[in-house]
Amino acid sequence: MSTAQTTAESQDFTATEIMTVAASRLLKNGTVCFVGIGLPSTAANLARLTHAPDVVLIYESGPIGAKPTVLPLSIGDGDLALTADTVVGTPEIFRYWLQGGRIDVGFLGAAQVDRFANINTTVIGPYDAPKVRLPGAGGAPEIASQAKEVFIVLKQSPKAFVGKLPFITSAGYLDGGDARAKAGIPGAGPTAVITDLGILTPDPVTKELTLTSIHPGVTVEQVKAATGWDLKISPELKTTEIPDAGALAALRDLQARTAAAHGQAGGGEG
Amino acid sequence: MANITPLRDAVASLVRDGDTVALEGFTHLIPHAAGHEIVRQGRRDLTLVRMTPDLIYDQLIGMGCATKLIFSWGGNPGVGSLHRFRDAVEQGWPHRLETEEHSHAGMANAYVAGASNLPFALLRGYTGSDLPKVNPNIRFVECPFTGERLAAIPSVRPDVTVIHAQKADRRGNVLIWGILGVQKEAVLAAKRSIVTVEEIVDDLEAPTNACVLPTWAVSAVCHVPGGAYPSYAQGYSERDNSFYKAWDPIARSRETFQAWMRRHVLDTDDFAGFRRVLAESMKEAV
């Protein structure tokens, strides 16, 4: 694409693009990744198309080793099956591959997260009289607990980053500290929350999400204003590396291919 | 032996008011045609089961066919909310819909348990989630060997399961490929089953390890080409993403929804009629 940046100094990228590229960078080559649809799927496929060609993408609909040519709009798009190493039934994905302990990274989106990286995708308001009924749990509760670690990617706003969730669909660190381990949850939990403003990581002891990297051009005040609790800022706050030209070009290519195929660039679960 | 029969007859004889019904399909092979036939025949008080209720469940719920939904993710994939589902949950229209909510892992295991003739499913799951607080059917048991606490949920045992598949042979053996979802488990967990298929052939030509449901494990096979539309059948059709998007404004208001259902489903005789009228109304929209 002609809009791809050519110099490291220019910031010719959007907030969504730096979020996606920053999220994709966290996936190492060879990682076995259980991929949620939408932003996680974009980031995971970008990783596969750039620095991590041997990443293994597993989708809950059954494709193992999917290598889609365009981004799937739904979790069961035909391209996922046609490009996979194998396709198994949904029970097998959850029983053998996830519960069996074979997933390195669970890559999830969320409607809301709280200060301990718990996820809500169920309801806003009381469960029995919801203000907004969201789609629900899907595969996330077990992905969040059984993948060896979890990355969460979502846009940051006070509505999405709330001090206390109305409903915990999928566990992060529960009440913080050692609550997750005490509850007997096997995986290490969310090690990074990547947003359009920065990257939050859990404090090693309290497990409270802390801003450890801020995207270039974003101010700490902006990130605090987009967070529904008094956000802790790391004393060693880094600035997120800007997307390199290759990754940005690959992302834009992927989005353009997807838009040409589907008339839109991302998807939702289901 | 499966009866090879018109869909209308299969629904009339196998789906009854008050039944627990699973119309399964994981994005792929969703039995829309059969769902429409259930609406046309005016079934009531159904307990609908499905991992990923989408448009066809939005239609069944909005038309008042269901009193309860057992599910793990309810949305319009790639688009957003199911407005009829939300209206039923949030406003009780057309009447209150009871929900029993699980995770995908819970539902998948519950089907496996049902197909295995077990009373409950066992999984490492739900730890730290609030779902067990709102769903009394998520409980915990102790492993008799290690003492570990494990999640248990009741098996799914539908009265009838409905799925769509690619092929059947003339004896009623069914072949499925691509994204399999819980199609096989849902059929084997059910007392009765209906499979709509794209094609009926002399010979399935199935490789040894292919997913085949033998004719004696299925109640009825119905030849309904395109019967998954707007979902898809790998090797036969592609998912019509534009319809999923078009559904959002149709389902947003009760009035537009009802008018659409009347014209496209209630006033048509069968799925072929639905496709014909849909083509007309899409042309009008352009």
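Percent of accessible area on the stretch B:1-117 owned by carbon and sulfur, 1.4 Å probe?
The value for the stretch B:1-117 is 41 percent carbon and sulfur by accessible area.
Would you kindly work out the equivalent ellipsoid of the protein assembly as shown from its C-alpha gyration tensor and give its semi-axes, the square roots of five times the eigenvalues, largest first in whole Å?
Whole-Å semi-axes of the equivalent ellipsoid: 39, 26, 23.
Below 9 angstrom from the Cβ of A:Thr16, what's the summed charge of the other residues (Lys, Arg +1; Asp, Glu -1)? Working shown, then result.
Numbers: positive: A:Lys155; negative: A:Glu17, A:Asp196.
The answer is -1.
Return the lysines within reach of B:Lys167: Cα separation strictly under 17 angstrom, same-chain partners fewer than 8 residues apart disregarded; answer none if there are no such residues.
Answer for B:Lys167, where 17 Å is the Cα cut-off: B:Lys184, listed by chain and number.
Which percent, to the nearest 5, of DSSP beta bridges fully inside chain B are antiparallel?
Roughly 30 percent of the DSSP beta bridges within chain B come out antiparallel.
Any chance you could check the stretch B:167-190 for residues losing 30 Å² or more of accessible area when the partner protein chains are in, compared with the chain on its own (1.4 Å probe)?
Buried by 30 Å² or more upon assembly, which counts only protein chains, are B:Ile179, B:Leu180, B:Gly181.
I'd like the FRET efficiency for B:Lys283 and A:Thr14, computed as 1/(1 + (r/R0)^6) with the beta carbon distance as r and R0 of 22 Å, rounded to 0.05.
Efficiency at R0 = 22 Å is approximately 0.05.
Might you work out the accessible area of B:Ile30 for me, using a 1.4 Å probe with all protein chains in place, and round it to the nearest 10 Å²?
The value for B:Ile30 is about 0 Å².
Compute the signed sum of charges (Lys and Arg +1, Asp and Glu -1) over the other residues within less than 12 Å, Cβ to Cβ, of B:Thr256.
On the way: positive: B:Arg84, B:Arg252, B:Arg254, B:Arg262, B:Arg263; negative: B:Asp248, B:Glu255.
Summing Lys and Arg as +1 and Asp and Glu as -1 gives +3.
Could you compute the net charge surrounding B:Leu150? Neighbours are other residues with a C-beta less than 9 Å from the C-beta of B:Leu150; K and R count +1, D and E count -1.
Result for the neighbourhood of B:Leu150: 0.
At q = 0.17 Å⁻¹, what base-10 log of I(q)/I(0) does the Debye formula yield for chain A when every alpha carbon is treated as an equal point scatterer in vacuo?
Reported log10 I(q)/I(0), two decimals: -1.42.
Only Lys, Arg, Asp and Glu count, each charged at its Cβ (+1, +1, -1, -1), so figure out the dipole size of the stretch B:89-157 about its Cα centre, rounded to 20 debye.
Using Cβ point charges on Lys, Arg, Asp and Glu, the stretch B:89-157 gives about 160 debye.
First compute the accessible area of the stretch A:91-156 with a 1.4 Å probe, then give the percent of it belonging to carbon and sulfur atoms. If you can, show how the numbers build up before the last one.
Numbers: 1050 of 2030 Å².
Here carbon and sulfur together make up 52 percent of the probe-accessible area.
Report the accessible area of A:Asp253, computed with a 1.4 Å probe over the heavy atoms of all protein chains in place, in Å² rounded to the nearest 10.
Roughly 70 Å² of A:Asp253 is accessible to a 1.4 Å probe.
Would you pull out the residues with amide H under 5 Å of B:Glu100's amide H, same chain only if 5 or more places away, H placed 1.01 Å from N?
Answer set, sorted by chain and number: B:Leu69, B:Ile70, B:Phe71.
Under the Karplus relation 6.51 cos²θ - 1.76 cosθ + 1.60, θ = phi - 60°, what is the ordered set of whole-Hz ³J(HN,Hα) values for the stretch B:186-198, x standing for Gly and Pro?
5, 5, 6, 7, 8, 6, 10, 8, 10, 10, 8, 10, 5
With every protein chain present, what is the per residue accessible area of the stretch B:220-263 (1.4 Å probe, Å²)?
With the other protein chains kept in place, the stretch B:220-263 gives 42 Å² per residue.
Past the 27 Å Cα-Cα mark, which pairs from A:Lys155/A:Lys182; A:Lys207/A:Lys238; A:Lys28/A:Lys155? Provide the component values of the computation, followed by the final result.
Numbers: A:Lys155/A:Lys182 30 Å; A:Lys207/A:Lys238 19 Å; A:Lys28/A:Lys155 23 Å.
With Cα atoms farther than 27 Å apart: A:Lys155/A:Lys182.
Over the stretch B:1-50, average the accessible area per residue using a 1.4 Å probe and give it in Å², no decimals.
Solvent-accessible surface per residue comes out at 31 Å².
Can you list the HN-Hα couplings for the stretch A:223-240, worked out from phi with the Karplus curve (6.51, -1.76, 1.60; θ = phi - 60°), rounded to whole Hz and with x for Gly and Pro?
With the stated coefficients, the stretch A:223-240 comes to 5, 4, 5, 8, 10, x, 9, 6, 5, 7, 10, 5, x, 9, 4, 9, 9, 4 Hz.
Please list 3J(HN,Hα) in residue order for the stretch A:106-120, calculated via the Karplus relation 6.51 cos²θ - 1.76 cosθ + 1.60 where θ = phi - 60°; whole Hz, with x for glycine and proline.
x, 10, 10, x, 6, 7, 9, 10, 10, 5, 10, 6, 6, 10, 10
Only bridges with both residues in chain A count here: give the DSSP antiparallel percent, nearest 5.
45
May I ask you to derive the FRET efficiency for B:Ser13 and B:Asp269 from their Cβ-Cβ distance with R0 = 25 Å, giving the value to the nearest 0.05?
Plugging the Cβ-Cβ distance into 1/(1 + (r/R0)^6) gives 0.90.
Rounded to the nearest 5, what % of DSSP beta bridges with both residues in the stretch A:167-244 are antiparallel?
The antiparallel fraction comes to roughly 65 percent.
Accessible area per residue for the stretch A:172-265 in Å², computed with a 1.4 Å probe and the full protein assembly in place, what is it?
44
Leaving out ligands, DNA and RNA, calculate the buried accessible area for the pair B and A with a 1.4 Å probe, summed over both sides, in Å² to the nearest 100. Show your work: numbers first, answer last.
Details: alone 12860 and 11750 Å², together 20900 Å².
So the buried area, both faces added, is about 3700 Å².
Take chain B, connect every pair of alpha-carbon atoms lying under 10 Å apart with a spring to form a Gaussian network, then pick out the residue of B:Asp267, B:Asp58, B:Asp19 with the largest mean-square fluctuation.
Of B:Asp267, B:Asp58, B:Asp19, the Gaussian network model singles out B:Asp267 as fluctuating most.
The values are calculated or read from the model by the stated rules, or taken from the named source; none is laboratory data. Values in this document were obtained by computation on a predicted structure and should not be read as measured data. Every residue, glycine among them, receives a Cβ derived from its backbone with ideal geometry; neighbour counts consider all protein chains shown. Side chains included, ligands, DNA and RNA excluded: accessible areas come from the protein's heavy atoms. Shrake-Rupley method; radii C 1.70, N 1.55, O 1.52, S 1.80 Å.
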